[in-house]
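Novice: Below you will find the structure I want to go over with you.
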Amino acid sequence: MGSDSIFLRGSLAKCDGTENIESDPFFRGTTKRGLIETLSSIRTMKSISNLSPRQITALKALVFALALLPLARLIWFGFTDQLGANPVEFLTRSTGTWTLVFLCITLSVTPLRKLAGWPWLARLRRMLGLFAFFYALLHFTTYIWFDQWFDLASIWKDVLKRPFITVGFTAFLLLWPLALTSTNAMVKRLGGKRWQALHRLVYVIAVLGVVHYWWHKAGKHDLAQPEIYAAIVALLLGYRLWVFLARRSRERQGAAPLRMGNSPQ
């Protein structure tokens, strides 16, 4: 640190001929302000990365309340007659959109946790994933109840005949095993590796969700929003692929000297 300061003073002196530039009040004040701001930002990052159990509990309660706001909005719209000319379509689209939003938020936990150094984010992932399932359940219930009135023959015909419904129905079915095995007891029963392998289905579900939304909007030539979700999912899955390939590359590089060392002389 001392050598860096000496180098800085020498360089500045050579540039403008000033021998004792640190005596300048402006220079001293600017340096102090910069140092204070830097230390403050470091303390803020450390405080965010190291939340206490009480803070995590409060954060969970806040996230839970915020995640219910889309449902509260729909209920409020229903009571105040603000669901539009086609309430069923409004409910179906809104719950479907929020399903995709929560899938994207859930997938963003791991990259954000690693890049920002916030390990406590992992404590929110299960709740966020369950809210994705919750809104998917509302989405499906709205379709089979208010749209189809539990006409199983008509529903099955729709699933077979309309590709975007086929894809959406498949994604919904795949969400069930993830929701049912989200408890700590199921993690222990399945074992860590098998549980992780099962929950990688969320990658497939996210892709199917985007395809479902894309094909639904393609018929109306309105792909602005599907393209945004497709880009987000592609970025989140691309990050995981990059991490996986980088890890494999490091493993190969580490194994190469070992193989050379074990080879006969």
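Novice: Return the subset of Lys161/Lys188; Lys114/Lys193; Lys60/Lys161; Lys114/Lys188 for which the Cα-Cα distance in this structure is over 32 Å, preserving the input order.
Specialist: Flagged as over cut-off: Lys161/Lys188; Lys60/Lys161.
Novice: List, in order, the whole-Hz ³J(HN,Hα) value for each residue of region 181-190 obtained from phi through the Karplus relation with A = 6.51, B = -1.76, C = 1.60 and θ = phi - 60°; use x for Gly and Pro.
Specialist: These are the phi-based 3J(HN,Hα) values: 10, 7, 7, 4, 4, 6, 4, 5, 5, 7 Hz.
Novice: Between Thr141 and Asp222, what is 0.36 nm times their sequence separation minus the Cα-Cα distance? Round to one decimal in nm.
Specialist: 26.7 nm
Novice: Which of rounded, prolate, oblate describes region 58-100, given a ≥ b ≥ c as roots of the alpha-carbon gyration tensor eigenvalues and a/c under 1.5 marking rounded, otherwise prolate only if a/b is larger than b/c?
Specialist: oblate
Novice: In nm, what is the difference between 0.36 nm times the number of residues separating Leu237 and Leu115 and their Cα-Cα distance?
Specialist: Taking 0.36 nm per residue and subtracting the Cα distance, the gain is 42.4 nm.
Novice: Rounded to whole Hz and in sequence order, give me ³J(HN,Hα) for region 117-122 from the Karplus expression 6.51 cos²θ - 1.76 cosθ + 1.60, θ = phi - 60°, writing x for Gly and Pro.
Specialist: x, 10, x, 5, 4, 4
Novice: Apply the Karplus parameterisation 6.51 cos²θ - 1.76 cosθ + 1.60, with θ equal to phi minus 60°, to every residue of region 170-175 and state each ³J(HN,Hα) to the nearest whole Hz, in sequence, with x for glycine and proline.
Specialist: These are the phi-based 3J(HN,Hα) values: 4, 4, 5, 4, 5, 6 Hz.
Novice: Could you calculate the contour length gain from Ala85 to Phe244, that is, 0.36 nm times the residue separation minus the distance between their Cα atoms, to one decimal place in nm?
Specialist: 52.4 nm
Values in this text are rule-based calculations from the coordinates and carry no lab data. Computed from a predicted model, the values in this text were never measured in an experiment.
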